[in-house]
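Below you'll find the structure, written out as C-alpha cells, and then a few comments.
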Amino acid sequence: MGREKILIVDDAPTPLRALGELLKDDYDLYTATNGQEAIKRAGEILPDLVLLDVMMPGMDGYAICSTLKKDPATADIPVLFITAKSEPNDIVRGFEAGGHDYIAKPFNPRELFARIRTHLELRRSRQDLRSYAEELERRNEELNRVRERLEVMARIDPLTGLANRRYALERLSSELSRSARHGDPFSLAMADIDDFKQFNDTHGHEGGDTVLKSVADIFVASVRKEDMAARWGGEEFLLIFPRLTMDGTMAVAEKLRAAVEAGRPEFKRKKLKVTVTIGVAEYDISLDLDANISRADGAMYEGKRATKNCVIAARPTT
C-alpha cells in the first residue's frame, strides 16, 4: 500500500512551502494555487485529504469545497480549511460547504499533524466500512442465488427436469383455488409407462432412465403452457390441465399417448418401443384432492388391466 496523498491548495507560495516541509516525509504531496487547478487536480489524483485555504482569488475555499462535494468522485475526500478567518460565522460556513475541520492560522504543527492523522484514519475507517458493506451485499446476493437454486432443486425432479411430487401438489392446490374462484373446469391425469421393469431388466437402469427422460420430454413438448407435467414417482407422471373438461383432457391425453408410442427413444443404437397408459379424471369438488387423484390413478390401472397403451376416463362419482 502506497503513501497517502494530500492536496494543498493555497495561492500564497510561503504557506505551500511551509506545509510541504512539514508533511513531505509522511505523505505524497500535491499543490494547487487557484480553484480551477484545485478541482482539476483533485479529480485527477483523488487525494486522501485536501488542505484548503479559504481566501483564494476567483473561487474562494468555500466554493472549491462545495464543488468537490458535488462530484461523486471527490465527495468523500475530507477537506480541512486552513485560514486566519476564525470567526464563528466563518467556521460554520466552512462546515456548511462540506468541510470536515477548521484549522486557524498560525497553526501548531503538532496539532496539524494530529488532525490530519485523525481525518485520514476516519477516511480509512469509512472506506473499510463501505468495503465491508459491499462485501456483505455481495455475499447476500450469492446466498440469495444459492437459496433460489435450492428452492428450484427442491421442486424439480433431477432426472427428468419435471416438477416433482411436492411441487405438483403445490400447483394442484393453487389451481384448485383458482378454479373455485372462477368456476372453471379442472382435470388431471395419471400416466404410467407400460412394462417399465422390462427396460431396467433388459437395459439396466441407464436404459430405464433414457425411457423416463424421453417420456418426460414428450409430455413437456405436447402440453399447453398452462398445463403441468410432473414426475409423481417411479415411472408414474401426474398431468394437470386447468380449464379443461373431461372431453378436452381425453383428447390431449390421447395426443400424449400417441406421441410417446411414436417417440421410440434410442439407447445404445437400439430403438426402444415405449407406450404409456393414461387415466383421466375431471375434478369433482365434492371429493378431496387425494380422492380425485385416486380416481385418475384407478382409471389408469383399469387401462393397465385391459390393453395397456390406452387412455381411460375415470368412472363418474355417484
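Values in this text are rule-based calculations from the coordinates and carry no lab data. Because the structure is a prediction, the values reported are computed rather than measured. Please note: Cβ atoms are built from the backbone with ideal geometry, for glycine as well, and neighbour counts cover all protein chains shown.
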Subject >> Hydrodynamic radius of the range 190-275 per Kirkwood, over alpha carbon pairs, in Å >> reply: 13.4 Å
Subject >> 17 Å cut-off, amide nitrogen to a point 7 angstrom out along Gln127 Cα→Cβ, residues in the range 61-75 >> reply: 72-75
Subject >> Order of Ile293, Ile6 - criterion: other Cβ atoms within 10 Å of each residue's Cβ, fewest first >> reply: Ile293, Ile6
Subject >> Label point distance in nm, Ala104-Ala180, each placed 7 Å from Cα along Cα→Cβ >> reply: 7.9 nm
Original post:
Under the definition of Cα pairs under 8 Å and six or more residues apart, what whole-number percent is the relative contact order of the range 1-135?
Top reply: 20 percent
Original post:
By counting other Cβ atoms within 10 Å of each Cβ, how are Leu188, Leu272, Leu49 ranked from fewest to most?
Top reply: Leu272, Leu49, Leu188
Subject >> In order through the range 94-105: 3J(HN,Hα) via Karplus (6.51 cos²θ - 1.76 cosθ + 1.60), integer Hz, x for Gly, Pro >> reply: x, 5, 5, 6, x, x, 9, 7, 9, 10, 7, 7
Original post:
If one takes the longest principal axis of the Cα atoms in the chain, at what angle in degrees, from 0 to 90 and to the nearest 10, does the Cα axis of helix 13-23 lie?
Top reply: 60 degrees
Original post:
If one puts a single equal scatterer on every Cα of the chain and applies the Debye formula without solvent, what log₁₀ I(q)/I(0) results at q = 0.12 Å⁻¹?
Top reply: -0.80
Original post:
What angle, in degrees between 0 and 90 and rounded to the nearest 10, separates the Cα long axis of helix 61-70 from the longest principal axis of the Cα atoms of the chain?
Top reply: 10 degrees
Original post:
Pairs Lys225/Lys268; Lys197/Lys268; Lys225/Lys270; Lys225/Lys273; Lys197/Lys225; Lys24/Lys70: which exceed 25 Å Cα-Cα?
Top reply: Lys225/Lys268; Lys225/Lys270; Lys225/Lys273; Lys197/Lys225; Lys24/Lys70
**OP:** Can you tell me the 0 to 90 degree angle between the C-alpha axis of helix 196-222 and the longest principal axis of the chain, rounded to 10?
**Re:** 70 degrees
Original post:
What's the long-distance tail for the range 95-163, i.e. % of Cα pairs beyond 14 Å?
Top reply: 76 percent
**OP:** Could you please state, rounded to a whole Å, how far the C-alpha centre of the range 281-297 is from the C-alpha centre of the range 1-72?
**Re:** 80 Å
Original post:
Using the Karplus equation 6.51 cos²θ - 1.76 cosθ + 1.60 (θ = phi - 60°), what ³J(HN,Hα) coupling, rounded to whole Hz, does each residue of the range 136-151 give in order, writing x for Gly and Pro?
Top reply: 4, 5, 4, 5, 4, 5, 5, 5, 5, 5, 5, 4, 4, 5, 5, 5
Original post:
If Lys and Arg each add +1 and Asp and Glu each add -1, what is the summed charge of the other residues whose beta carbon sits under 13 Å from the beta carbon of Asn292?
Top reply: -4
Subject >> Relative contact order [Cα under 8 Å, 6+ residues apart], the chain, whole percent >> reply: 12 percent
Subject >> Whole-number D in µm² s⁻¹ for the range 5-131, Kirkwood Cα-pair radius fed into Stokes-Einstein, 25 °C, 0.890 mPa s >> reply: 170 µm²/s
Original post:
What does the range 165-313 give for Rg and for Dmax, in Å, if only its C-alpha atoms count?
Top reply: 15.2, 51
Original post:
Could you put Tyr283, Tyr132, Tyr27 in order, starting from the residue whose Cβ has the fewest other Cβ atoms within 10 Å?
Top reply: Tyr132, Tyr27, Tyr283
